[in-house]
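*Asks:* First the structure, then my questions, so here it is.
The values are calculated or read from the model by the stated rules, or taken from the named source; none is laboratory data. Everything numeric in this text was worked out from a predicted model, so none of it was measured. Don't worry about glycine lacking a Cβ; one is built from the backbone with ideal geometry, like all the others, and counts go over all protein chains shown.
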């Protein structure tokens, strides 16, 4: 009969657990479902793009094939608490930490399902291969791309047309004088024809005439009224407003070049009425390591009393006095989460080409009419939302057109003026 000792029992148990763990990891295949990949993409862009890219090294390593270089179990532990793994002495964790200049990765309380969604997205991007650089249209380069016409070009066209018109008027005047001079030399004209040729235009009499005075008064009145009406419509409208900020922050670099998701910095956009101004600690997630010598980054350090040499924080802090750009009157209610999370509107819908703005400005007018037009033209996003099922059914019985926001009370005064 085979006898086991306590030591042998422990060894066998350890081997069994190791085999079980290996089989479990092998069975835990990375999903390839499109909905899972899409969810992983959203999570990646909202939380990871500031430090990681799939195919290029940023603050942290490139993530292509990471699921082959590390086990799923290791990746899960690292994402949830990388510092705990480093403190435990994990060789891979310590080596990675030292390789990237001991940059601290924040702990993310993701569920195992969310981590698998992230890996599904990384796997899909790895299989797709590195992105190809955009190919410019033949014969079109730089700012000439696109269908838009610059305002300077339009102004040049207008000036040319005005000059041509003036030249045409001068030519007509010269031609008229030449013709009159020629007619005066012609013999045989009757009395009526001689009177027409000889008549002179009395400028003083014309300027004093009732017709001319009435015309001038009419034009003046129209111009004044138009100016007053246009001025009244611009009260409270700050479209194009572009203030200078206390710290020069480029959306073109952060949101455009580095593709950092808007929600990473504006954390309240999907869950709050306001999108909120990012706090300095969000900046410090990157800028304890990136561009530390920059004068603008030094302003952040001064505000939070951070010493980049000792990497310590003091107590002499002061707020960064950012200048608000987008303002709605107090009588108007607007909820970011309702539009971004429920309606799934993109930030660019209201804020314009934010990824191209070196300095942010107010792109849209944000007037009442602008909002109303949007509610009249926008289809209600009812897909996968049982809240709208009965409304969709009632609407389809009365109309064949898609259900718009105005059809569910989007034009009711109390919706925005509570």
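*Asks:* Restricting attention to segment 370-384, which residues are without any contact (Cβ under 8 Å) to a residue 12 or more places away in the chain and either in contact with a helix residue (DSSP H, G or I) (Cβ under 9 Å, 6 or more places away or on another chain) or surrounded by 13 or more Cβ atoms within 10 Å (Cβ to Cβ) (or both)?
*Replies:* The one that is without any contact (Cβ under 8 Å) to a residue 12 or more places away in the chain and either in contact with a helix residue (DSSP H, G or I) (Cβ under 9 Å, 6 or more places away or on another chain) or surrounded by 13 or more Cβ atoms within 10 Å (Cβ to Cβ) (or both): 370.
*Asks:* If you don't mind, another one. Of the residues 207, 215, which single one is farther than 30 Å from residue 298 by Cβ, without any contact (Cβ under 8 Å) to a residue 12 or more places away in the chain and touching a helix residue (DSSP H, G or I) at 6+ places or on another chain (Cβ under 9 Å)?
*Replies:* Among 207, 215, only 207 is farther than 30 Å from residue 298 by Cβ, without any contact (Cβ under 8 Å) to a residue 12 or more places away in the chain and touching a helix residue (DSSP H, G or I) at 6+ places or on another chain (Cβ under 9 Å).
*Asks:* Exactly one condition in (1) exposed (fewer than 11 other Cβ atoms within 10 Å of the Cβ); (2) outside any loop (DSSP other than H, G, I, E, B) is false for residue 303; which is it?
*Replies:* Here residue 303 meets the rest and fails (1).
*Asks:* Considering only segment 318-369, how many residues are within 19 Å of the chain's Cα centre (by Cα) and closer than 19 Å to residue 267 by Cα?
*Replies:* 27
*Asks:* Let me ask another. Taking the condition of being more than 28 Å from the chain's Cα centre (by Cα) and touching a residue at least 12 places away in the same chain (Cβ under 8 Å), how many residues in segment 36-78 meet it?
*Replies:* Matching residues across segment 36-78 total 11.
*Asks:* Sticking with this structure for a sec: Contact list please: Cβ distance under 7 Å, first residue in segment 87-113 and closer than 25 Å to residue 284 by Cα, second residue at pLDDT below 80, pairs at least six apart or on different chains.
*Replies:* From residues that are closer than 25 Å to residue 284 by Cα, the pairs are 103/59.
*Asks:* Checking residue 329 against (1) surrounded by 13 or more Cβ atoms within 10 Å (Cβ to Cβ); (2) part of a loop (DSSP other than H, G, I, E, B), which single condition isn't satisfied?
*Replies:* (1)
*Asks:* Here is a list: 231, 256. Which entry is assigned to a helix (DSSP H, G or I) and within 14 Å of residue 45 (Cα to Cα)?
*Replies:* Among 231, 256, only 256 is assigned to a helix (DSSP H, G or I) and within 14 Å of residue 45 (Cα to Cα).
*Asks:* Right, something else. Take segment 291-319 and flag every residue that is touching a helix residue (DSSP H, G or I) at 6+ places or on another chain (Cβ under 8 Å) and over 20 Å from residue 245 (Cα atoms).
*Replies:* Of everything in segment 291-319, those that are touching a helix residue (DSSP H, G or I) at 6+ places or on another chain (Cβ under 8 Å) and over 20 Å from residue 245 (Cα atoms) turn out to be 306, 307, 308, 313.
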